[in-house]
Amino acid sequence: MCGITGIFDTRGQRDISRAVLQRMNDSQQHRGPDEGSLHLEPGLGLGHRRLSIIDIATGQQPLFNEDGSVVVVFNGEIYNYQSLIPELQALGHVFKTKSDTEVIVHAWEAWGVDCVQRFRGMFAFALWDRNQQCFFMARDRLGVKPFYYALLDDGSLLFGSELKSLMAHGGLKREIDPCAVEEYFALGYVAEPRTIFKQAKKLPPASTLLIRRGERVGEPRRFWDVRFSLDAKISDQEACETLTAKLQESVRLRMIAEVPLGAFLSGGVDSSAVVAMMARQSGDESVNTCSIAFEDPAFNEAAFAQTVADRYHTRHRVETVQSDDFDLIDTLARLYDEPYADSSAIPTYRVCQLARKHVTVALSGDGGDETFGGYRRYKDHLMEERLRATLPMGVRRPLFGALGQLYPKADWAPRVFRAKTTFEAMARDSVQAYFHTMSLLRGKERMALYSKSFKSELAGYTACEVFNRHAANAGTDDPLALIQYIDTHTYLVGDINTKVDRASMAHSLEVREPLMDHEIVEWLATLPSSLKMRNGESKFLLKKAMEPYLPNDIMYRPKMGFAVPLARWFRGPLRQRVREALLAGPLVDSGMFDVNELQRLVEHHESGRRDYSTPMWSLLMYDAFLRNVMGDANPAPVSAEVATA
């Protein structure tokens with residue numbers, strides 16, 4: 001795992017400043033503390049920070065082909081590199097290392113832009129071919145590894161693993177994109193391909209961008225997508241056997257490392273399945289596992305994790321997260337570089353911190369909910385879809401729209417009495433309804449929050465367009481498959497993968513996700529939705545397949561997940577900080593928000609009349625972004641204290 005950065009002159013061969021490139025590279029030192037190297041030639045500068053995992057002795061980057069005409073910087077892992085090496089050698093390529101990085105340069109020589117089709121793994125890389133005078137950028141299929149880039153007015157193309165490396169250049173305009181702000185307050189993150197800044201972009205997952213020097217920079221090209229055909233004719237037993245074999249292979253590939261390796265173990269079915277498959281392939285060697293426990297029993301899954309650890313005799317470490325672990329707010333803002341509102345970033349940061357004390361690589365269960373159909377919201381959405389199918393939109397919209405207006409919001413009540421959200425969803429089409437479900441702040445709440453001038457800047461744009469864009473490409477009208485497709489392109493990439501990448505890299509820890517193997521994802525997309533959700537049971541296939549390996553009380557229990565007690569924090573220890581952040585300072589000075597609405601949120605939450613913890617946390621993290629990123633003209637690298645605390 002590494003950090004990459006660089007500068008490419010798209011128009012000519014102007015000299016690249018070594019000092020500037022060094023500053024960009026140093027800003028990502030936490031991603032690769034083992035080594036840092038630069039390569040400069042006319043019109044090109046490449047930087048690399050290395051976290052040594054494979055071929056520790058000779059895998060340094062930037063890495064070249066035999067004659068030095070092709071050079072690459074790479075972040076990630078190509079898990080099938082060992083099978084690609086003999087194939088490339090048979091084509092005449094000579095390897096100087098045993099690293100997966102060298103596979104990329106020779107694969108480029110052999111197959112050109114289609115080389116990415118041959119890679120199985122998580123990757124973000126930039127490659128320069130001097131003979132062809134072309135610069136090539138690529139990102140893995142599911143967006144596990146990040147890739148930011150920006151084209152400056154003078155034709156300089158900047159790129160990096162994190163936005164902070166682009167900011168360290170000094171030439172990036174920090175002009176906030178209003179549409180990105182709308183996406184943030186709707187979703188809790190800025191969705192691909194936007195960043196918080198107008199001038200910078202994220203390279204979308206499963207995309208490449210080829211730039212020939214002297215030619216106009218075009219748009220990224222997509223090289224892969226998941227297609228939900230749902231047409232496989234397969235029995236339950238055969239599906240279970242096939243899945244188990246695929247999981248074993250995926251885990252085996254991700255256990256290749258020359259450094260200590262372990263796994264996150266939350267006590268949920270996804271991470272428990274990964275640990276079970278690791279144990280089967282570890283022989284007499286015990287698997288390293290780690291868990292976070294919570295003081296609040298409502299969120300604490302430590303006992304379930306211990307059950308799995310005991311069953312497989314793992315070397316299990318547990319640390320308890322204090323219920324008032326909110327000192328990370330400013331640290332998180334500096335790590336993420338742009339607004340990010342998932343509060344589970346706090347325990348994720350802590351579990352990565354714990355894991356790094358014992359291992360350099362950790363396997364996780366991330367991606368299981370999206371691919372196997374595990375979220376509770378999926379069951380709720382399917383129920384709503386059945387109701388929507390019984391009435392035409394012409395009846396539903398006025399009827400349920402009126403009920404949604406009249407029914408009081410009851411966040412405090414049991415779920416069965418929280419009908420307002422259901423009524424509002426019933427008045428929408430499927431995609432709009434799912435966006436409504438996924439929104440941190442609903443449309444009316446966002447519009448009430450924004451100032452008149454900011455709404456004018458938005459010019460009618462709403463973040464629902466992100467969902468509409470992906471839904472148009474889904475190629476399925478199956479209710480479950482459609483929202484799985486949307487989540488795979490939005491929530492998985494923008495929230496889950498972003499959270500895990502930044503939290504792990506802050507501690508120089510590599511995280512690998514066996515359940516996000518693209519061959520597993522492709523195969524699951526051929527299976528009927530009844531194998532993912534059956535009789536109200538989520539992750540049906542995964543649970544059935546794991547019954548020989550995991551106890552039923554691990555698999556067939558309510559999902560908990562990482563959570564923090566925001567509502568209590570904001571009425572207690574963070575009360576004054578919230579007041580200061582929301583009612584004064586950069587947030588108010590930005591002119592984006594209605595000050596009266598901010599005042600109302602704070603007062604109603606403090607009084608207990610309503611739970612506004614979600615919008616208040618979103619605002620608090622936006623304030624942290626304004627203070628820690630926008631307020632610093634020259635952002636410093638993530639400190640050693642942050643990286644190892």
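The values are calculated or read from the model by the stated rules, or taken from the named source; none is laboratory data. Since we're looking at a predicted model, the values are computed, not measured. Cβ: placed from backbone, ideal geometry, glycine included. Neighbour counts: every protein chain shown. Surface areas here come from the heavy atoms of the whole protein model, side chains and all, with no ligands, DNA or RNA. Shrake-Rupley method; radii C 1.70, N 1.55, O 1.52, S 1.80 Å.
Could you do me a favour and compute the accessible area per residue for the chain, 1.4 Å probe, result in Å²?
I get 37 Å² per residue for the chain.
Under the rule of at least 5 residues apart or a separate chain, name every residue whose amide H is placed under 5 Å from the amide H of MET533.
The answer is PHE540.
Taking the Cα centre of the stretch 168-274 as origin and charging only Cβ (+1 Lys, Arg; -1 Asp, Glu), how large is the dipole, in debye to the nearest 20?
740 debye
Give me the Kirkwood hydrodynamic radius of the stretch 49-147 in Å, from all C-alpha pairs, to one decimal place?
Radius from the Kirkwood sum: 13.4 Å.
Can you give the Kirkwood hydrodynamic radius of the stretch 90-198 from its Cα pairs, in Å with one decimal?
Over the stretch 90-198, the inverse of the mean reciprocal pair distance is 16.2 Å.
What is the ratio of the Cα radius of gyration of the stretch 269-358 to 2.2 N^0.38 Å, with N the residue count, to two decimals?
Working it through for the stretch 269-358, the quotient is 1.23.
State the answer as a single residue: which of GLY92, GLN82, LEU582 lies farthest towards the positive end of the charge dipole of the chain, with beta carbon charges of +1 for Lys and Arg and -1 for Asp and Glu, about the Cα centre.
Positive-most Cα among the choices belongs to LEU582.
At 1.4 Å probe size, with the rest of the protein present, what percent of the exposed accessible area of the stretch 209-292 is carbon and sulfur atoms?
Its accessible area is 44 percent carbon and sulfur atoms.
Peptides 267-278, 22-33, 598-609: what's the order by average Cβ count within 10 Å, highest mean first?
Taking the mean over residues of other Cβ atoms within 10 Å, the ranking is 267-278, 22-33, 598-609.
About its Cα centre, what dipole magnitude does the chain give when the only charges are +1 on Lys and Arg Cβ and -1 on Asp and Glu Cβ, stated in debye to the nearest 20?
Here the size comes out at about 1320 debye.
Give the distance, in whole Å, between the Cα centre of the stretch 522-597 and the Cα centre of the stretch 95-168.
The distance from the Cα centre of the stretch 522-597 to that of the stretch 95-168 comes to 33 Å.
When the accessible area of the stretch 472-561 is computed with all protein chains present and a 1.4 Å probe, what percentage of it is carbon and sulfur?
47 percent
Please work out the Cα center distance from the stretch 331-353 to the stretch 192-268, rounded to the nearest Å.
When both Cα centres are located, 22 Å separates them.
Express the carbon and sulfur contribution to the solvent-accessible surface of the stretch 1-137 as a percent, rounded to the nearest whole number, probe 1.4 angstrom.
48 percent
Along the positive direction of the dipole of the chain (beta-carbon charges: Lys, Arg +1; Asp, Glu -1; about the Cα centre), which of LEU480, LEU157, LEU44 reaches farthest?
With unit charges placed on the Cβ atoms, the residue in question is LEU480.
Which number do you get for Rg(Cα) / (2.2 N^0.38 Å) in the stretch 145-227?
1.14
I need the peptides 494-500, 246-252, 310-316 ranked by packing, meaning the mean over residues of other C-beta atoms within 10 angstrom, with the highest value on top.
Sorting 494-500, 246-252, 310-316 by mean packing, highest first, produces 494-500, 246-252, 310-316.
In the chain, if the dipole is taken from +1 on Lys/Arg beta carbons and -1 on Asp/Glu beta carbons about the Cα centre, which of THR244, ILE211, MET616 is farthest to the positive end?
So the residue we want is MET616.
Tell me, what is the Rg over Rh of the stretch 442-492, with Rh the Kirkwood radius over Cα pairs?
Dividing the radius of gyration by the Kirkwood radius yields 1.12.
Can you bin every Cα-Cα distance in the chain into 20 Å intervals starting at zero and give me the percent of pairs per bin, rounded to whole numbers?
Calculated over all Cα pairs of the chain, the distribution is 19, 54, 26, 1 percent.
Students often get this wrong, so check it: of LYS198/LYS246; LYS198/LYS499; LYS201/LYS444; LYS444/LYS543, which have C-alpha atoms separated by over 32 Å?
Pairs exceeding the cut-off: LYS198/LYS246; LYS444/LYS543.
Would you calculate a helix-derived [θ] at 222 nm for the chain, using -39,500 (n - 2.57) for each DSSP H run of n ≥ 4 and dividing by the full residue count, to the nearest 500?
The helix-only estimate for the chain comes to -12000 deg cm²/dmol at 222 nm.
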